[in-house]
1. Which pairs do you get when a residue that is on the phi > 0 side of the Ramachandran plot, found in the range 355-372, comes within reach of a residue that is at pLDDT 95 or above, reach meaning Cβ atoms under 7 angstrom, with the pair 6+ apart or on two chains?
2. For the range 203-236, name all the residues that are surrounded by fewer than 19 Cβ atoms within 10 Å (Cβ to Cβ) and either more than 28 Å from residue 321 (Cβ to Cβ) or charged (D, E, K, R) (or both).
3. Could you say which residue among 125, 117, 109, 93 is under 21 Å from the mean Cα position of the chain (by Cα) and farther than 29 Å from residue 392 by Cβ?
4. Filter the helices (runs of 4 or more DSSP H) completely within the range 310-418 down to those with at least 3 residues that are closer than 24 Å to residue 44 by Cβ.
5. Can you confirm whether the range 124-132 contains a residue that is assigned to a loop (DSSP other than H, G, I, E, B), touching a Pro at 6+ places or on another chain (Cβ under 7 Å) and surrounded by 24 or more Cβ atoms within 10 Å (Cβ to Cβ)?
6. Between 161, 207, 155, which is acidic (Asp, Glu) and within 21 Å of residue 137 (Cβ to Cβ)?
7. Could you check the range 311-323 and list, in sequence order, the residues that are crowded, with 24+ Cβ neighbours inside 10 Å and either among the hydroxyl-bearing types (Ser, Thr, Tyr) or over 19 Å from residue 109 (Cα atoms) (or both)?
8. Return only the number of the condition from (1) at pLDDT below 95; (2) crowded, with 18+ Cβ neighbours inside 10 Å; (3) of a type outside the set (A, V, I, L, M) that residue 76 does not satisfy.
Amino acid sequence: MPHSTSTTRAMALAAGLTLGSAAAAQTPPQDAATRFAPLHAAIDRAIDSAIAEQRIVGTVVLVAHEGKLVYHRAAGLADREAGTPMREDAIFLLASVTKPIVTVAAMRLVEQGRLRLDDPVTRWLPDFRPANRDGNTPTITIHQLLTHSAGLSYDFMQPADAPYQQLQISNGLNRPELGLTENLRRITRAGLAYEPGTAWGYSMATDVLGAVIEKVSGQPLPDAVAALVTTPLAMRDTAFAVSDPKRLVAHYGDGEPGKPAPIRMGESAIVPFFGAPVSFSSRRIFDARAYASGGAGMAGTAADFLELAELLQNGGNGLLRRDTVAAMLQPHVGAQAQTQGPGWGFGYGGAVLVDPASAQTPQSVGSMQWGGAYGHNWFIDPQRKLTVVAFTNTTFEGMAGAYTRDVRDAVYRALDAR
């Protein structure tokens, strides 16, 4: 649908608009409009400022509280050059928002007894044996893949003369000419960045996990994820393909110093992230040669992802057991790793907040969050029964810029003021 105004949102809330996965009671019409008007105004200001300052091109923001959708808005442009307004059912390349979806698929296999967290990866991928610097090939477990403590890395996490760069390993966003088998072979050749289980390092681990899921399920990863996650959750527009190319947004990279306007990405693009060049191939998802990247390969809508995030926030919603979700939200890697800065550890599928004071965030202990390089950010706060999904088409401001903090802080200020 087109850009929603505050009036439209209030009407939807007054009608008792609830999430498909949540059976929240309807709120009386006038009370709903009154209770959440400050929330609408606060988030609107954060969105409008980011667009006016040309930090982002377009965005879709959804907020669920106590199982009810209390805010939804599409703003800005899906395609700046064509003048196409953003719409709430816009489709985005998800980048690392793919990771929690694939993680849930793996956890369903664990619940079914088909996969164990302590399984060595070589049980499923016998040839995947990256070595330490001393030549030894230590055991890597499924748990270590899930927690990014497996000793692997990313090309953009290494300098230009390091193995991942020299071997031209695909990060799941680029190099569509590489198949999964070849990419795994190159990761093996690159060796380990550290002894598995001794540190945390953001990495290709979820791509390797995707290959494991294929072996365990006996299906291509897109089919396995559809059967295990997206079909049961009715995430109809989320897949390793674009369900409706007409709704796919144009993607942009951060503007250059002195030229704030985001730069439209071509078929290939390089966007600096804290000084490190990250390469993208925005047409990769349409290339038949490209493998289904478990860490970065999906496309989908904000509304679809809200269903998955609410599953985690609500303790499984019948798709996962509560104890499984509790395990996902445990900081298996502690706050010393600073996975999203001070105070943040890592669970299964995202960073987990251990120390809000160190993180300087209003989020509660146990909150989980992560992002996607094409410009997305999401978090859940189970203590507050809160889920926020903010997708943009602007790399990296929409993932890790001031916009993400502005939206977050607006939500908490408004809820705390009620």
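The values are calculated or read from the model by the stated rules, or taken from the named source; none is laboratory data. The structure presented is a predicted model; accordingly, all values stated were derived computationally and were not measured. Quick reminder, even Gly has a Cβ in these numbers, built from the backbone with ideal geometry, and neighbours come from all protein chains shown.
1. 366/329; 366/352; 366/353; 366/382; 366/383
2. Once the filter is applied, which keeps residues that are surrounded by fewer than 19 Cβ atoms within 10 Å (Cβ to Cβ) and either more than 28 Å from residue 321 (Cβ to Cβ) or charged (D, E, K, R) (or both), the range 203-236 yields 215, 223, 236.
3. Just a single option satisfies the conditions, and that option is 109.
4. Details: elements: 322-328, 356-359, 397-400, 402-417.
Passing ranges, in order: 397-400, 402-417.
5. Looking for residues that are assigned to a loop (DSSP other than H, G, I, E, B), touching a Pro at 6+ places or on another chain (Cβ under 7 Å) and surrounded by 24 or more Cβ atoms within 10 Å (Cβ to Cβ), one finds none in the range 124-132, hence no.
6. Working: 161 fails: within 21 Å of residue 137 (Cβ to Cβ); 155 fails: within 21 Å of residue 137 (Cβ to Cβ).
Being acidic (Asp, Glu) and within 21 Å of residue 137 (Cβ to Cβ) holds for just one of 161, 207, 155, which is 207.
7. 313
8. Of everything listed in (1) at pLDDT below 95; (2) crowded, with 18+ Cβ neighbours inside 10 Å; (3) of a type outside the set (A, V, I, L, M), residue 76 misses just condition (1).
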